[in-house]
Amino acid sequence: MSESGTLSTSWLLCRIAAERFALPLDAVSEIIEDPVISAVPAAGAEVLGMIAVRGGRRPVHDPARVLGIAAARPVGVVLAVSVAGSSVALAMDAATDTLEIEEHHLQALPALDDPWRVVTGVARDDEGLITVLDAARLVRALGNAEAVVE
């Protein structure tokens, strides 16, 4: 609860191109700055390559296509996102801040062209709109880009 008595959640503010997104902070287990991503021949369009993390290798997924953003851009950070036993490494331009969003500041959106329903809603701050994402649905969408979440 926030000081005002309303439900508040901590979010990681990140950016892809000019768009700002918020992911639940408790779903982000690691932020890897200036990642070295190795190309993988014949990987799907949403897989940028592989990254070495803690002695293992993981595919790096580009959420841009799922979010309807042009994909050609430099990757500044990779976020390790884990929910319900599934995890994914997400390519982002930047992870810029953490913030608290009170529940009453989160606005639902009208129907979107979002077959995976990864967008929870939007919030606003001094810099403009923030698209708030559902981490579990985003992980599932990137793990199985052809499936539609019910």
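The values are calculated or read from the model by the stated rules, or taken from the named source; none is laboratory data. Worth saying up front: this structure is predicted, and the values here are computed from it rather than measured. Neighbour counts run over all protein chains shown; Cβ positions are idealised from the backbone, glycine included.
Checking ASP97 against (1) of a type outside the set (Ser, Thr, Tyr); (2) closer than 18 Å to ILE31 by Cα; (3) more than 14 Å from the chain's Cα centre (by Cα); (4) in a strand (DSSP E or B), which test does it fail?
(3)
With (1) assigned to a strand (DSSP E or B); (2) under 18 Å from the mean Cα position of the chain (by Cα); (3) farther than 30 Å from ARG124 by Cβ as the list, and ARG57 as the residue in question, which single condition is left unmet?
Exception for ARG57: condition (2).
Considering only the stretch 7-40, how many residues are closer than 19 Å to ALA95 by Cα and free of Cβ contacts under 8 Å to residues at least 40 places away in the same chain?
Summing the residues that are closer than 19 Å to ALA95 by Cα and free of Cβ contacts under 8 Å to residues at least 40 places away in the same chain in the stretch 7-40 gives 3.
Among the candidates ARG20, ARG57, ARG15, which residue alone is over 21 Å from ARG137 (Cβ atoms), basic (Lys, Arg), touching a strand residue (DSSP E or B) at 6+ places or on another chain (Cβ under 6 Å) and modelled with pLDDT of 85 or more?
Selected residue: ARG57, the only one of ARG20, ARG57, ARG15 that is over 21 Å from ARG137 (Cβ atoms), basic (Lys, Arg), touching a strand residue (DSSP E or B) at 6+ places or on another chain (Cβ under 6 Å) and modelled with pLDDT of 85 or more.
Quick test of your reading of the structure: VAL75 fulfils all but one of (1) touching a Gly at 6+ places or on another chain (Cβ under 7 Å); (2) at pLDDT 85 or above; (3) assigned to a loop (DSSP other than H, G, I, E, B). Name the failing condition by number.
Of everything listed in (1) touching a Gly at 6+ places or on another chain (Cβ under 7 Å); (2) at pLDDT 85 or above; (3) assigned to a loop (DSSP other than H, G, I, E, B), VAL75 misses just condition (1).
Are any residues in the stretch 125-143 loosely packed, with under 12 Cβ neighbours inside 10 Å and either modelled with pLDDT under 85 or on the phi < 0 side of the Ramachandran plot (or both), and if so, which ones?
ASP126, GLU127
For the stretch 60-89, enumerate the residues that are in contact with a strand residue (DSSP E or B) (Cβ under 9 Å, 6 or more places away or on another chain) and in contact (Cβ under 8 Å) with a residue 60 or more places away in the chain.
HIS61, PRO63, LEU67, VAL77, LEU79
Taking the stretch 49-101 only, how many residues are charged (D, E, K, R), surrounded by 16 or more Cβ atoms within 10 Å (Cβ to Cβ) and closer than 18 Å to ASP134 by Cα?
Qualifying residue count for the region: 2.
Go through (1) at pLDDT 85 or above; (2) within 19 Å of ARG140 (Cβ to Cβ) one by one and return the number of the condition ILE37 breaks.
Only one criterion is unmet by ILE37, namely (2).
Take the residues of the stretch 41-54 that are at pLDDT below 85 and hydrophobic (A, V, I, L, M, F, W, C): which is nearest to VAL88 (Cα to Cα)?
VAL53
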